[in-house]
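Here is the structure we will look at, set down as structure tokens.
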Amino acid sequence: MPSRQTAPATAMTRADGGLVRVLVVDDEPNLTELLSMALRYEGWEVRTAASGIQAVRAAKEFGPDAVVLDMMLPDFDGMEVLRRMRADDPNVPVLFLTAKDAVEDRVAGLTAGGDDYVTKPFSLEEVVARLRALMRRTAVTADESDSLLVVGDLTMDEDSHEVARGGTEIQLTATEFELLRYLMRNPRRVLSKAQILDRVWNYDFGGQANVVELYISYLRKKIDVGRAPMIHTMRGVGYVLKPAE
């Protein structure tokens, strides 16, 4: 069973000063209650759902800043819930809960567009820490000044999360945005997979550096397809972003 928290962390609020909103989706009532108590202990507003249909409806009504989503639900799986929620809010960060241990199953959730995962059984502290990391990526709190990153014809507004290349807007998921931001903050610098894992995912991904390759491929499809490439692979070393030549 998940362990209980022992002390509250630093308060976290929305950019408008309101309470952070988290939607918890799981069909196990005891687990849902424990998660809800832990998240409310952080000072966050929590809503729960026990099925995929309830989750999609709650996401539309509640407008969560993050979602804790079980992979296995009684009506349809978490990846279908994710697809439907992202149709309404393409940027909402999602933390998958899974009882499966295989690395392939964990990566499947990320491949489907999830931003992170925890494997049952987990600690409540871990879930809170992961959610905090996800919400920092999507700028739930506004604690930095306006910042515009520019590399060649690629621009990123870190406050509004608007990304464009050559004036054409590009839609990114929360994780894609964080990965591109890291690359744009380090133009012409070769970044290793280990560095990217540590900065973007904030923890050791069990040596599964292929998740970096996966998300680099996602970025390339959105940033480079049909244009002169900006993201380059330095074989055996890592990746580098530089203005197109």
_Give me a comma-separated list of calculated 3J(HN,Hα) values for the stretch 67-82, in order, Karplus coefficients 6.51, -1.76, 1.60 applied at θ = phi - 60°, integers in Hz, x for any Gly or Pro._
10, 9, 10, 6, 5, 10, 10, x, 9, 9, 6, x, 5, 6, 4, 4
*Once amide H atoms are placed 1.01 Å from N in the peptide plane, what residues at a sequence separation of 5 or more from residue 72, or on another chain, have their amide H within under 5 Å of its amide H?*
78
*asked:* Using a 7 Å offset from the Cα along the Cα-to-Cβ direction at both residue 232 and residue 149, what is the distance between the two label points in nm, to one decimal?
replied: 1.9
_Potential extension, residue 87-residue 33 segment - 0.36 nm per residue separation minus Cα distance_ = 16.7 nm
*Taking H as built 1.01 Å from N, whose amide H comes closer than 5 Å to the amide H of residue 117, not counting residues under 5 places away?*
96
*the stretch 148-241, dipole about Cα centre (Lys/Arg Cβ +1, Asp/Glu Cβ -1), debye to the nearest 20*: 460
*Output the Kirkwood hydrodynamic radius of the stretch 148-241, Cα pairs only, in Å rounded to one decimal.*
13.4
_Please give the Cα centre distance for the stretch 54-73 versus the stretch 216-245, rounded to the nearest Å._
33
_Please compute one quarter of the surface area of the Cα convex hull for the stretch 21-137 and express it in square nanometres._
6.3
*Which distance in nm do the two modelled labels at residue 80 and residue 189 give, with both placed 7 Å along the Cα-to-Cβ direction?*
4.5
*Whole-Hz Karplus ³J(HN,Hα) for the stretch 91-98, in order, using 6.51 cos²θ - 1.76 cosθ + 1.60 and θ = phi - 60°, x for Gly and Pro?*
10, 5, x, 10, 9, 7, 9, 9
*HN-Hα J couplings of the stretch 235-245 from phi, Karplus 6.51/-1.76/1.60, θ = phi - 60°, integer Hz, Gly and Pro as x?*
3, x, 10, x, 10, 9, 10, 8, x, 5, 9
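Read-outs throughout are calculated quantities, based only on the coordinates presented, and are distinct from any laboratory measurement. Here the structure is a predicted model, which means the values were calculated and not measured. Every residue, glycine among them, receives a Cβ derived from its backbone with ideal geometry; neighbour counts consider all protein chains shown.
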